[in-house]
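See below for the structure under consideration.
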């Protein structure tokens, strides 16, 4: 799905509708297999820049939320050393998020690393909250 989305971005899709064209990873396989060519990476970084967020933490949170399902976020950590989690920091998607955030904000790589790590760490709480909300509605 992600490769298809990047190809759509490269074929002259309407540039004004950039954020809605971003892929949404719903599996570890999609994240690990995501590796667009250089042009595709540039397009993705440009679109990630447009997601929004007035502060570093809000922008990182919005980007991760837009690009990765909450359930998949629970299976990621920055290094991947705990409980068999996937090492997100080694992925192309993380590198593009980092590049976009560092273009937009005055921050260090460590700032981005720590912020993404915090978002991923909070993912199980978000998933549980969504689950509780849906049980109350049902």
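Only the coordinates and a few stated rules stand behind these numbers; no lab work does. What you are looking at is a predicted structure, and each value in this text was computed from that prediction instead of being measured. Every residue, glycine among them, receives a Cβ derived from its backbone with ideal geometry; neighbour counts consider all protein chains shown.
FRET efficiency for the residue 65 to residue 29 pair, using the beta carbon distance and R₀ = 25 Å, is estimated at 0.80. Counting every other Cβ atom within 10 Å of each residue's Cβ, 61, 54, 90, 26 order from fewest to most as 54, 90, 26, 61. The residues 38, 99, when put in order of fewest to most other Cβ atoms within 10 Å, stand as 38, 99. With neighbours defined as other Cβ atoms within 10 Å of a residue's Cβ, the residues 116, 45 order from fewest to most as 45, 116.
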